[in-house]
1. Loop only by DSSP, 12 or fewer other Cβ within 10 Å of the Cβ. Give me the GluC sites (Glu not before Pro) in region 19-83 that pass, ordered by residue number.
2. Can you work out the accessible area per residue across the chain, with the rest of the protein chains kept in place, probe 1.4 Å, in square angstrom?
3. Within the chain, which DSSP H helices have Cα atoms that stretch 18 Å or more along the helix axis and a mean Kyte-Doolittle hydropathy of at least -1.0?
4. Counting only protein heavy atoms and using a 1.4 Å probe, what share of the accessible area of the chain belongs to carbon plus sulfur, as a whole percent?
5. Among the lysines, select those whose C-alpha is under 26 Å from the C-alpha of K64, and discard any that sit fewer than 8 residues away in the same chain.
6. In µm²/s, what is D for region 39-109 at 4 °C and 1.567 mPa s, where D = kT/(6 pi eta Rh) by Stokes-Einstein and Rh is the Kirkwood radius from Cα pairs?
7. Loop only by DSSP, 14 or fewer other Cβ within 10 Å of the Cβ. Give me the trypsin sites (Lys or Arg not before Pro) in region 17-109 that pass, ordered by residue number.
8. Using only C-alpha positions, report the orientation-averaged shadow area of the convex hull of region 1-85, nm², one decimal.
Amino acid sequence: SIPIAKQLASIKALGKASDLEKAFATAALVYNNSADPEGKLSKAETKRLLQTQFGGFIRGQENKPKYQEITSALDEELENKIDFEDFMILLVSLTLMSDLLQEIKNVKTTK
């Protein structure tokens, strides 16, 4: 498969993109590279993707009730597939409850 950085570089509209635009484009590419032909992920693939691509945010969260609520909702997904919109909501939800978010907030932005 083609590396994400190379895929990003091939998108002309992202040539002068902001960091935030590149971050969202990266999330979309990571999702699309794992999605099935219908553009959806199985719940098993979603879990694998979270573990391999979002581990820093979910590590250490497993015992938190909110994390368990989020992942159990994924287990209860009726059609066993998740679309991009739900995937992004899942990423935001996991980010908001992550210990890593507090660490990110504490990063110094001036010298």
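1. Those that pass, being in a loop and sparsely packed, are E38, E62, E76, E79.
2. Working: 7880 Å² over 111 residues.
Each residue of the chain exposes 71 Å² on average to a 1.4 Å probe.
3. Length and hydropathy pass: 19-34, 84-97.
4. Working: 4400 of 7880 Å².
Of all accessible area on the chain, carbon and sulfur atoms account for 56 percent.
5. Once the sequence-local lysines are set aside, what remains near K64 is K43, K47, K81, K105.
6. Diffusion coefficient, whole number: 102 µm²/s.
7. Details: sites: K22, K40, K43, K47, R48, R59, K66, K81, K105, K108; in loops: K40, R59, K108.
The qualifying sites are R59, K108.
8. Answer in nm², one decimal: 6.6.
The values are calculated or read from the model by the stated rules, or taken from the named source; none is laboratory data. Here the structure is a predicted model, which means the values were calculated and not measured. Positions of Cβ are generated from backbone atoms using ideal geometry, with glycine treated the same way; all protein chains shown enter the neighbour counts. All accessible areas refer to the heavy atoms of the entire protein, side chains included, with ligands and DNA or RNA removed. Shrake-Rupley method; radii C 1.70, N 1.55, O 1.52, S 1.80 Å.
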